[in-house]
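Structure record follows, encoded as structure tokens.
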Amino acid sequence: MISEPMPRPVVFIITGRKGEGKSSFANSLYSLLSSYKITVGGIIARGRLEDGRRSGFDLVIAGSGKQIPLAFAMRRSQPPGKHCKQSAYTPGTNQKPASAAPCPANPGQAGRPVQTGSPGQADTLNRAVTAGRFVFNPDALALGNSAIDEAIKEGRDIIMLDEVGTAEIEGRIWSRALIRSLQEFRGVLLLIINRKNLPAVLDHFNIKPAGVIDIAVSTPGEAAATLTGYIEPTGKYGTG
């Protein structure tokens, strides 16, 4: 837990329930802020759906718009001999999860991602990080951390970090990026956090937000108006 007092960025939270549209809200907010000539850096996780269920996420780099597969869902298999849907992940590509693949004969393999592609790509998969029912592309994690580092170095007006939750509390996924942002960034730090994880995240990282934007009652336009009140034309940060 971070307990040492330190200079802080101005922190705002975007929150909502699971599947309520936090990342879509963040995407719309990012577009609005960019149209105001506000410099925005960081990362946004754009969700993918398959058969009405979350199948994974793509990582979008704010500012450049660069996109790379970030995470794929792992699904429990049906009994051997039947077909089931599992995430076939080919690192370094935009390949979508396979729609149908033979279930593993060994029940102990159920829920594991299917390795495809070259030996080098399989090695990348072996280095992947799991969180919940998702397996994360290590290349995307490296790219996202680099994007945060660059945004801090360049002194962007706003850094977006989507999403922060239990994995970060455990020191994984975006933990490093979050801690460095809290320690070194002096702009407006916008964190996307699931409502149920919000108290634990704030407590663990000793975050005292300037405001919490609940997507159930706020619009991206209202959020943009609030955030721009903290950014002066000179790039200095006000108190709202």
What are the residues whose amide H is under 5 Å from the amide H of Asn206, where those residues sit 5 or more places off or on another chain and H is modelled from the backbone?
Ile2
Provide the FRET efficiency to the nearest 0.05 for the Ala225-Arg172 pair, computing r from the beta carbons and using R0 = 25 Å.
0.15
Using Cα centres only, tell me the gap between the range 178-210 and the range 135-149 in whole Å.
19 Å
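Pairs to check: Lys18/Lys153; Lys37/Lys66; Lys66/Lys208; Lys66/Lys196. Give those whose C-alpha atoms are more than 28 Å from each other in this structure.
Values: Lys18/Lys153 32 Å; Lys37/Lys66 19 Å; Lys66/Lys208 31 Å; Lys66/Lys196 30 Å.
Long pairs (Cα-Cα over 28 Å): Lys18/Lys153; Lys66/Lys208; Lys66/Lys196.
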For Glu50 and Ser146, what is the calculated FRET efficiency with R₀ set at 22 Å and r taken between the beta-carbons, to the nearest 0.05?
0.15
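Rule-based calculations on the coordinates, nothing more; no lab input. Note that the structure is predicted; figures quoted are calculated from it, not measured. Glycine gets a Cβ as well: all are built from the backbone with ideal geometry, and neighbour counts include every protein chain shown.
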